[in-house]
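Scroll down for the structure; my scribbles are underneath it.
Derivation of every value follows stated rules applied to the coordinates shown; laboratory data play no part. Because the structure is a prediction, the values reported are computed rather than measured. FYI the Cβ positions are ideal-geometry reconstructions off the backbone, even for glycines, and counts take in every protein chain you see.
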Amino acid sequence: MKIEAKKIETMRDHDGGQAFSANIYVDGKKVGYVIEDGWGGPLNVGIKKEDCQRIEAHMKTLPDVDTKCTEALEYFLSELVCSVLDTRELKRKLKKPMAFEKGKEKEGIVTWKCKWTETEKIDRIRKQYPNYIFLNELPFDEAMKIWNPEPVFE
């Protein structure tokens, strides 16, 4: 079973956090929608009961999904949407040079204000920081593991 979140729209909630709405598809067919309105409380799920039961049955077959809590479906659908948003954001950020710095004192992601296609600037950056791992050169899945080391879905 393939469960997807599509037509995702994001907005700022009343505290400046992220709210969203998305359509949920199962095996290519739209089964409903989810809305995180940003006002607290559970995720608003607009999916028929029989489709929810199909999704919950599928969740039980996934290795890292806890189905014991009462909000398991809401959590699963929220994380599904967030994983799509993370993928979008990383693709957008990789248009500029992006490197991972791992050292004794500090570790993290570093970016520069130039395009990845500006080879002269990139060469200067490489010479200045020879130990950096450029996420732009890695396969997307590896770059995502560095950028978001604790994904819900792998």
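Against the longest alpha carbon principal axis of the chain, how many degrees, from 0 to 90 and to the nearest 10, is the axis of helix 119-128 turned? The angle comes out at about 80 degrees.
For the Cα trace of segment 94-147, dividing Rg by the Kirkwood Rh returns an Rg/Rh value of 0.95. The ranking of Leu135, Leu85 by Cβ neighbour count inside 10 Å, starting from the fewest, reads Leu85, Leu135. When its C-alpha radius of gyration is set against 2.2 N^0.38 Å (N residues), segment 3-91 gives a value of 1.07. Fully extending the segment from Arg88 to Trp112, taken as 0.36 nm per residue of separation minus the present Cα-Cα distance, adds 6.7 nm.
Among Val110, Val81, the order by Cβ neighbours within 10 angstrom, fewest to most, reads Val110, Val81. Dividing the radius of gyration of the alpha carbons in the chain by their Kirkwood radius gives 1.07 for Rg/Rh.
Quick check on my link table: of Lys93/Lys113; Lys29/Lys68; Lys7/Lys30; Lys2/Lys30; Lys7/Lys95; Lys91/Lys145, which ones sit more than 18 Å apart, alpha carbon to alpha carbon? Where the Cα-Cα span goes over 18 Å, the pairs concerned are Lys29/Lys68; Lys7/Lys95.
Is segment 15-62 best put as rounded, prolate or oblate by its Cα gyration tensor, with a ≥ b ≥ c the root eigenvalues, rounded for a/c under 1.5, and otherwise prolate when a/b is larger than b/c, oblate when not? Because a/c hits 1.5 or more and a/b exceeds b/c, segment 15-62 counts as prolate. Fewest neighbouring Cβ atoms within 10 Å first, the residues Arg92, Arg54 line up as Arg92, Arg54. Put simply, the amide H of Val31, placed in the peptide plane, has neighbours under 5 Å in Ile24, Tyr25, Val26, leaving out anything fewer than 5 places away on its chain.
As I understand it, the value is the acute angle between the Cα axis of helix 72-93 and the longest principal axis of the Cα atoms of the chain; what does it come to in degrees, rounded to 10? The helix 72-93 is inclined about 30 degrees to the chain.
What angle do you read, to the nearest 10 degrees and between 0 and 90, between the alpha-carbon axis of helix 49-59 and the longest principal axis of the chain? Compared with the principal axis, the helix lies near 40 degrees. Only helical runs count toward this figure. For the chain, summing -39,500 (n - 2.57) over DSSP H runs of n ≥ 4 and dividing by all residues gives -10500 deg cm²/dmol at 222 nm. In this simple spin-label model, placing a label point 7 Å from the Cα along the Cα-to-Cβ direction at both Asn44 and Lys145 gives a separation of 3.9 nm.
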